[in-house]
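This report concerns only the one structure given below.
The values are calculated or read from the model by the stated rules, or taken from the named source; none is laboratory data. These numbers were taken from a predicted model, which means no experiment stands behind them. Every residue, glycine among them, receives a Cβ derived from its backbone with ideal geometry; neighbour counts consider all protein chains shown. Ligands, DNA and RNA are excluded from the accessible area calculation, which covers all protein heavy atoms including side chains. Shrake-Rupley method; radii C 1.70, N 1.55, O 1.52, S 1.80 Å.
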2 protein chains.
Amino acid sequence: MQQRIAIIDLGSNTTRMIVVGYIPQQTYKLIDEVREAVRLAHGIGRDGKLQEIPMNRAIKTMRLFHQMCRGSGVDTIVPVATSAVREATNRAAFLDRVEAEAGLRFRVLTAAEEAYYGYLGAINTLNVRNGSVIDIGGGSTQVTVVRQRAVEASVSRPIGAVRLTDRYVKSDPIANKDCKALEKAIAAQFDDVPWLTGQGGELAGIGGTIRALAEIDQKLRHHPIDRVHGHAMAAERVYELYELFKGLTVKQREGIPGLSKDRADLILAGSAILTDVMRRGKYKRILISGQGLREGIFFEHFMQQHSPLIPDIRAFSVQNLARIYNYEATHSAKVRELAVSMFDQLQPLHGFDATARELLGHAAILHDIGNAVNYYDHHKHGAYLLVNSPMQGFDHREVALLALLVRYHRKGEVSVDTYADVLNPGDDVLVAKMAAMLRLAEFLERRKNQVVQHIHVEIGKNVRMVTQAAGDTAVEVWDANRAAGLFRKAFGCEIEIV
Amino acid sequence: MQQRIAIIDLGSNTTRMIVVGYIPQQTYKLIDEVREAVRLAHGIGRDGKLQEIPMNRAIKTMRLFHQMCRGSGVDTIVPVATSAVREATNRAAFLDRVEAEAGLRFRVLTAAEEAYYGYLGAINTLNVRNGSVIDIGGGSTQVTVVRQRAVEASVSRPIGAVRLTDRYVKSDPIANKDCKALEKAIAAQFDDVPWLTGQGGELAGIGGTIRALAEIDQKLRHHPIDRVHGHAMAAERVYELYELFKGLTVKQREGIPGLSKDRADLILAGSAILTDVMRRGKYKRILISGQGLREGIFFEHFMQQHSPLIPDIRAFSVQNLARIYNYEATHSAKVRELAVSMFDQLQPLHGFDATARELLGHAAILHDIGNAVNYYDHHKHGAYLLVNSPMQGFDHREVALLALLVRYHRKGEVSVDTYADVLNPGDDVLVAKMAAMLRLAEFLERRKNQVVQHIHVEIGKNVRMVTQAAGDTAVEVWDANRAAGLFRKAFGCEIEIV
């Protein structure tokens, strides 16, 4: 049964609601998202009290969000509040007002819970097995260390982009003295966390500061994939950008492509935090997560009594996508089997690793999804759909590789130019050879009837592929031979399919 | 019940098979297409006999096509042959061989049937009410005059691109004398068809020659829509290209972007035929059809005992597309109702015609289809899906207008640059105003629960939109006011929604 859940997250700066449709443990899809810049923490004084005007703004927005849920078939509403409410001295009175006037009883997350749900959102949508997750918010920062996808250690510190800006950024561009004080304050927060030093491994990053850095990086590089989730950024790039921000006034920063106006002031302190943690932890890159706290809470509901970790997010994501476009399961499974069998038997000729093998399998499952758009050019439509879908668990290089394999499963000579910016050296060869195998597998399944059951590959001066069939394979052998040009070019040898 | 039909068309040059999945009278989708350059008419001599080698090639291909159908769930196979077989003196013997060796009994179409099915394919996929359909093949050319979508008159002549090239194109580039002879031969075929002269109206065109002209035209103009069906070409452009071909050798023509090598020779004679008919008929433009004979035969099966004309192909095509992406029917219908109501009440301010109104309605039905790809940027994905779908009955300008409306139903300032090449002067204003209305209608349906039932528009110095509701509309009024910026800009006046 399809269910619909709304998760509302009342933060220091923005408040957001996501609505997700789902069938527990099977499939989910974002249905709606609303955000409003409530700026709840605005003007908090020495007494730690939320102010009247921001509170009224928050209550009005919560009322609207609640109404939005009521009219649109939402079964469950989960409203949570983070540091701004958690630390307010008038928190109880505020929460009572929200309940009385907007009809929503907010759950106030502890710092540890905030870190946990951020971790859960990232770990279920990015391929991080061993490493860390950092979440830089307006009021606080959490770092969580992950071993075999489980939490190993976690720290939450009351420093965030808004809070530090308010306290330390008093000159524009920032004076050397102020900058030193800012960096010192950040360092002081982490100096007593010995396990952070030299932690290494994959680092996943959550929050507005980190998303903004990714957007700037993408604009500077003419990045080919229009979304931040799954984007990878080298540590040097983060340090470079931090240096850039230090030298500019807020006004000048507003001119940086990809940086929104309302973050031009906060980005300096936010990237100072990230710079400290990345240097300290010796992380080589950061993998950006567009999913965090709200999604983490969602996954708890989605997985129900089970562990909230989706076991294999890449396979899950591929299946989810394939189903949306009514893929032909039996045909796709056979193409995968044939392609992977070719991959294994041709191992001496290509030498690719297990990740390449896994990607080839995923591409085989997804190769025909573009048919939903149009039979003509369905290879191109499939690549478009793939690149624009929430491919959880894949970084952008991997998304590009999958898109290229889908693109070239039929028609045309391989060119990786469109995605050159996110590829590694040698990926052109990887794509050419894997596309050649996928194309042959596809044409050996020309009638989608599994008549070619297995293949046996003989490697000599040339390659000979012997089909083991459950019937007449004249069509398949004829068409596979027509489609073998890519193979000849990629492997530099003749091939014969019999 | 989903059915699957294969239609095989054995022509003079190419033989093609399409496989279509369909539910009679409801929905259909191209599933597969195969083509093979059999060149059946190759080497036919004075005795009018098909030659042994081409016949063997054809039989081999037919056997493969037949096998392809058997393995892939096709219920019905309809094999038809056109002029090459029709006019062959050894036709009976050939057909018997095909039946014995490939298991297919071909139906040989008469010239009139060939014209009729081409007409049916075009008329069910292009918006031609009154006008003509021309089909230029390798061996013959058909012109059909259409009144209220029905056949009024039809002529078939044994001149085609292949036949005329064989007979008249004896110099390269063509000598003036040869060219004169070619043109004279064509004119002689139509001089006795008085109704062709000054016929006028919309002209739809079928066949490889015409598709090739469209592809050349698109490449020359950086055309934004990657398909020929629905492409419109001015008569002057056709004449210009014909002149261009006359001045070039076949080798030189091979360098023309968009022209495939195997048509570089035939395109001269083919465009000579089209030039004659367009000049004679005083047609101002030609609308290219990617659908012809095979699709015509399909539509007869699709509509079963009913008239083979799909009543409203535009509405049919829009519904078909919306269903593929699981659109929310009730929500979309309400958005359409509100948008069209706004359109009508704001008529004094925009003055747009009934076609604009119709397009706004179609865009409203399709506005959310991009959600199938990703909630984020679903307006952009929707535009992509629309542009790449077989939008039957719309020319490329209309496809672009629909795509722009879907694109701007949420987020961003209107820019029509992407499609500038296919738009008319003034279309930027048309899109800006219609997108503004669609966006308001969408936000008045913010919760997709039809709470806003009607709107009443008051036009004074500014515009005031009064909602008539079946409940609390705080959410809708709040969000519609947030989304009214586009309206203010497009109409140059204030708007208040209450």
Mind listing the label-point distances from A:Val466 to the same position on all other copies, shortest first, one decimal in nm, points 7 Å along Cα→Cβ? 8.6
Which of the peptides B:400-410, B:324-334 is most tightly packed, and how do the rest follow, going by the mean number of other Cβ atoms within 10 Å of each residue? B:400-410, B:324-334
Which value in nm describes the separation of the simple spin-label points at B:Asp192 and A:Ala100, placed 7 Å from the Cα toward the beta carbon? 9.8 nm
When DSSP assigns beta bridges and you keep just the ones with both residues in chain A, what percent turn out antiparallel, to the nearest 5? 70 percent
Share of antiparallel DSSP beta bridges in the range B:112-294, in percent to the nearest 5? 65 percent
To the nearest 10 degrees, how steeply does helix B:378-387 sit against the main Cα axis of chain B, on a 0 to 90 scale? 30 degrees
What do you get when you divide the Cα radius of gyration of the range B:3-108 by 2.2 N^0.38 Å, with N the number of residues? 1.10
Where does each of A:251-259, A:152-160, A:390-398 land if you order them by average Cβ count within 10 Å, highest first? A:390-398, A:152-160, A:251-259
Magnitude of the Cβ-charge dipole of chain A, K/R +1 and D/E -1, about the Cα centre, nearest 20 debye? 760 debye
Equivalent ellipsoid semi-axes for chain B, as square roots of 5 times the alpha carbon gyration tensor eigenvalues: give them largest first, rounded to whole Å. 48, 26, 18
Mean projected area (nm²) of the alpha-carbon convex hull when the range A:112-294 is viewed from all directions: 9.3 nm²
So how tilted is helix A:111-123 from the main axis of chain A? Cα-based, degrees 0 to 90, rounded to 10. 20 degrees
Once the other residues with Cβ under 13 Å from the Cβ of B:Val133 are scored (Lys, Arg +1; Asp, Glu -1), what is the net sum? -2
Taking the C-alpha atoms of the range A:110-192, how large are the radius of gyration and the largest Cα-Cα span, Dmax, in Å? 14.9, 44
Angle between chain A longest axis and helix A:266-281 axis [Cα atoms, degrees, rounded to 10]: 60 degrees
Which whole-number percent is the relative contact order of the range B:313-497 (Cα, under 8 Å, 6+ apart)? 21 percent
With the crude spin-label approximation of a point 7 Å out along Cα→Cβ, what separation in nm comes out for B:Leu244 versus B:Lys411? 3.8 nm
Compute the accessible area per residue over the protein assembly as shown, keeping the other protein chains in place, probe 1.4 Å, unit Å². 39 Å²
Pop a pseudo-label 7 angstrom from the Cα along the beta-carbon direction at both B:Met1 and B:Ala150 and give the gap in nm to one decimal. 3.4 nm
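Over the protein assembly as shown, what number does the Rg to Rh ratio reach, with both radii from the alpha-carbon atoms and Rh per Kirkwood?
1.01
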Identify the residues of the range B:247-262 with backbone N under 15 Å of a label point that sits 7 angstrom from the Cα of B:Asp226 along the Cα-to-Cβ direction, or state none. B:258
On the rotation axis linking copies B and A, which residue of B comes nearest by its Cβ, and by how many whole Å? B:Tyr384, 3
Nm distances between the label at A:Thr418 and the same-position labels in the remaining copies, 7 Å along Cα→Cβ, shortest first? 1.4
From Cα pairs below 8 angstrom and at least 6 apart in sequence, can you work out the relative contact order of chain A, rounded to a whole percent? 12 percent
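Using a probe of 1.4 angstrom, how much of the accessible area of the range A:1-152 is carbon and sulfur, in percent?
Answer for the range A:1-152: carbon and sulfur cover 49 percent of the accessible area.
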Protection proxy (average C-beta count within 10 Å per residue), highest first, orders A:432-445, A:374-387, B:96-109 as A:432-445, A:374-387, B:96-109
Which of the residue pairs A:Lys334/B:Lys380; B:Lys411/B:Lys433; A:Lys60/B:Lys489 have a Cα-Cα distance greater than 23 Å in the structure shown? A:Lys334/B:Lys380; A:Lys60/B:Lys489
Estimated 222 nm signal from helices in chain B, with DSSP H stretches of n ≥ 4 weighted -39500 (n - 2.57), rounded to 500: -14000 deg cm²/dmol
Rounded to the nearest 5, what % of the DSSP beta bridges within the protein assembly as shown are antiparallel ones? 70 percent
Cross-link partners among lysines for B:Lys180, C-alpha distance below 23 Å, same-chain residues fewer than 8 apart left out? B:Lys170, B:Lys246, B:Lys251, B:Lys282
For B:Leu244, inter-copy label distances in nm, listed shortest first [label point 7 Å out on the Cα-Cβ vector]: 4.3
